[in-house]
Amino acid sequence: MPRTLVTGGAGFLGSHICEYLLNKGHQVIAIDNLLTGSIKNIEPLQCDNFKFIKQDVTEYLYIGGEIDYILHFASPASPLDYLELPIQTLKVGALGTHKALGLALSKGARFLLASTSEIYGDPLIHPQSEDYWGNVNPVGPRGVYDEAKRYGEALTMAYHRYHNVDAKIVRIFNTYGPRMRPKDGRAIPTFIPQALKNEPITIFGDGSQTRSFCYVSDLVEGLYRLIVSDTNEPVNIGNPIEMTIKEMAETVIKILGSTSQLIYKDLPVDDPKIRQPNISRAKEILDWEPKIDFEEGITKTIEWFKTQQLD
């Protein structure tokens, strides 16, 4: 039975990964300091093959016994988080990645770094492929997240080249689904609670900026295919179907039959105007592409939000 460590295992993505791995027959150890994660996300996962450790991964990391895979997902991951937690964001991208890679080296484990489409910054090419180096402002408010992930990628490849760690890098594009934190600053978990309560939906900018939204189950399937693959190149995982933020908000309103109106506020500093993954590499290497369309995925997500305390 494979034994797998997931850092950030109580977060939105981390908890879905833990659940997927348990269903694949893995023993799973989740580590999380609960800074942005939640015990509620992993309560349904409790079983003999699941263990939770409350710990900050930037500190000394020791796990007894063999480990086959390490998936490093610990990080604040929303604009609100990294504006409020800039130093923690940088530390987990640098020190946390260093600790996790050191553990992978000592255990002979395969390592997967959760990187992000944010490493492309406010892109000057469209769609974004893995050979694009990005257009990032390192000293802007978003730079703490962008540069933490870019450093994490560089460190991961250094461990791969110098120490022969079998390392993978996934660049995750906008992902959504159940267990997102309401009002975490991202569009979907902000818009759905507003629409459920028929409150005005807050759009930053004029709503013409684009995102490409991937449902969480599609993303996790891609992650799994990546960690069991032979590639050590970065791989984009995301849904290449692009839509404007305004279109997304209007879809939420339509599905809910909400009376919410759209209101507009200034676009945050360095907010990307466009975002769309080129997933040719994922198709070729992993035989992966997303299956769930936005309307189906957002309906499932809305149903989950209806069960949550949103105040």
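The values are calculated or read from the model by the stated rules, or taken from the named source; none is laboratory data. Keep in mind that what you see is a predicted model, and the values were worked out from it rather than measured. Virtual Cβ from ideal backbone geometry, glycine too; neighbours counted across all protein chains shown.
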Is it true that some residue in region 42-65 is in a helix (DSSP H, G or I), touching a residue at least 60 places away in the same chain (Cβ under 8 Å) and farther than 23 Å from residue 231 by Cα?
-> no
Read through the list (1) farther than 23 Å from residue 23 by Cβ; (2) among the hydroxyl-bearing types (Ser, Thr, Tyr); (3) at pLDDT 90 or above; (4) assigned to a loop (DSSP other than H, G, I, E, B), then give the number of the only condition that residue 251 fails.
-> (4)
Determine if region 197-220 includes at least one residue that is part of a helix (DSSP H, G or I), over 20 Å from residue 73 (Cβ atoms), in contact with a Phe, Trp or Tyr (Cβ under 6 Å, 6 or more places away or on another chain) and not assigned by TED's automatic domain parsing to the domain that holds residue 77.
-> no
Could you check how many residues of region 79-131 are in contact (Cβ under 8 Å) with a residue 24 or more places away in the chain and outside any helix (DSSP H, G or I)?
-> 17
Can you tell me which of 140, 134, 96, 121 is assigned by TED's automatic domain parsing to the domain that holds residue 8 and more than 20 Å from the chain's Cα centre (by Cα)?
-> 140
Does region 219-239 include one or more residues that are over 30 Å from residue 68 (Cβ atoms), surrounded by 17 or more Cβ atoms within 10 Å (Cβ to Cβ) and either modelled with pLDDT of 90 or more or of a type outside the set (Val, Ile, Thr) (or both)?
-> no
Select from region 261-308 the residues that are in contact with a Ser or Thr (Cβ under 8 Å, 6 or more places away or on another chain) and assigned to a loop (DSSP other than H, G, I, E, B) and write down the one among them that is farthest from residue 138 (Cα to Cα).
-> 292
Among the residues of region 176-210, which ones are of a type in the set (D, E, K, R) and either modelled with pLDDT of 95 or more or touching a strand residue (DSSP E or B) at 6+ places or on another chain (Cβ under 7 Å) (or both)?
-> 179, 206
Taking residue 161, is it basic (Lys, Arg), touching a residue at least 24 places away in the same chain (Cβ under 8 Å) and part of a helix (DSSP H, G or I)?
-> no
Just one listed residue, out of 5, 34, is surrounded by 24 or more Cβ atoms within 10 Å (Cβ to Cβ) and touching a strand residue (DSSP E or B) at 6+ places or on another chain (Cβ under 7 Å), and it is 5
